[in-house]
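The values are calculated or read from the model by the stated rules, or taken from the named source; none is laboratory data. From a predicted model like this one, the values you see are computed outputs, not experimental measurements. Don't worry about glycine lacking a Cβ; one is built from the backbone with ideal geometry, like all the others, and counts go over all protein chains shown.
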Amino acid sequence: MISISCIIPVRNRKGLVLSAIESAIRQDVPELEIVVVDDGSTDGTPSEIHRHFPEITLLRKRQGSGPGDARNIGVMASQGRILMFLDSDDIWLENHCSLLMERLESGFQAAFGVTENEDTIKGTKFLIPEHGATRPCCMFSALLRWCFMVPSSFAVTREAFMTVGGFTLFSPGEDWLFFLELARRFPFGFVQQTITWRRLHPDSLCLKAFDKSKATAIMLRLKEATPGIGCRDNHILRMEKILDLITKDGDKWQSVQDWYTTLKRHNLI
């Protein structure tokens, strides 16, 4: 029986996805399955993948509907008991799979580790979560403040994935909403080691031009997720302050990273 399925969504990344796939192949774990879902590429990405890695499962969609839908399709075509995700421009580091598996085998339904982010435009590096972070006592409450994990450093049991219905088609922010739905139901394990290298480049989603309307939509979806789960009024108040800030200053922000640093400066995350 396949123990781990690696799901890789990709769109027009033939220059990056090959190294992502190679980093999954190098993992020292038995029965690792790799499923790549091409989300309507027009640059020959599927042909490059098939030429270099004919042995892996490659699914193709004609129209791009976003990474959330691509991940869901990959999961449905996979067989692993454990699901791990790898974005096409990220790299799994050595022991990525084994470290996450250790946390899951200790009794967790989901687990995440640290990601090193290299901004190739500004020449800077930073960690997600930040250095010295520990697993919050209330994961759901912490995730309402900000999404401090990325799909490429995350693992979940198939059972838990199916319980929450997978990723939404809402994008960007489909990963944030997915993590929240899981955290509403399950405790998360945390791997303190850096297990993923994330390459930020001009085509990275988080470095694309900041979109006020999409940021507003994300915050409204988060606000909708809070009723009936014992969230304090300060969560709602904080979200309203963030929405006001987006309206007031959103035109000044160039990227999601600018949004994040502004919220930190205002003590909102």
Inset, instruction - Give the residue that is surrounded by the most Cβ atoms within 10 Å (Cβ to Cβ), with candidates limited to residues of the stretch 61-89 that are within 19 Å of Gln27 (Cβ to Cβ) and among the hydroxyl-bearing types (Ser, Thr, Tyr). - result: Ser88
Inset, instruction - Go over the candidates Phe85, Phe53 one by one and state the one that is in contact with a Phe, Trp or Tyr (Cβ under 8 Å, 6 or more places away or on another chain), touching a residue at least 24 places away in the same chain (Cβ under 8 Å) and aromatic (Phe, Trp, Tyr). - result: Phe85
Inset, instruction - Could you check, for the stretch 106-124, whether at least one of its residues is modelled with pLDDT of 85 or more, in contact with a Gly (Cβ under 6 Å, 6 or more places away or on another chain) and farther than 13 Å from Leu180 by Cβ? - result: yes
Legend entry - Positions within the stretch 140-160 being modelled with pLDDT of 95 or more and among the polar types (S, T, N, Q), in sequence order: Ser152, Ser153, Thr157
Inset, instruction - Considering only the stretch 28-60, state which residues are outside any strand (DSSP E or B) and either crowded, with 19+ Cβ neighbours inside 10 Å or not assigned by TED's automatic domain parsing to the domain that holds Pro151 (or both). - result: Ser41, Thr45, Ile49
Inset, instruction - Would you check if Thr163 is of a type in the set (S, T, N, Q), modelled with pLDDT of 95 or more and either touching a helix residue (DSSP H, G or I) at 6+ places or on another chain (Cβ under 7 Å) or outside the structural domain of Asn72 (by TED's automatic domain parsing) (or both)? - result: yes
Inset, instruction - Show the residue pairs that are 6+ apart or on different chains and have beta-carbon atoms under 6 Å apart, the first residue being within the stretch 150-177 and surrounded by 18 or more Cβ atoms within 10 Å (Cβ to Cβ), the second being assigned to a loop (DSSP other than H, G, I, E, B) and of a type in the set (Asp, Glu). - result: Ser152/Asp87
Inset, instruction - Quick one: count up the residues across the stretch 104-129 that are of a type in the set (Val, Ile, Thr) and surrounded by 15 or more Cβ atoms within 10 Å (Cβ to Cβ). - result: 3
Inset, instruction - Return yes or no: is Leu99 part of a helix (DSSP H, G or I) and surrounded by 22 or more Cβ atoms within 10 Å (Cβ to Cβ)? - result: no
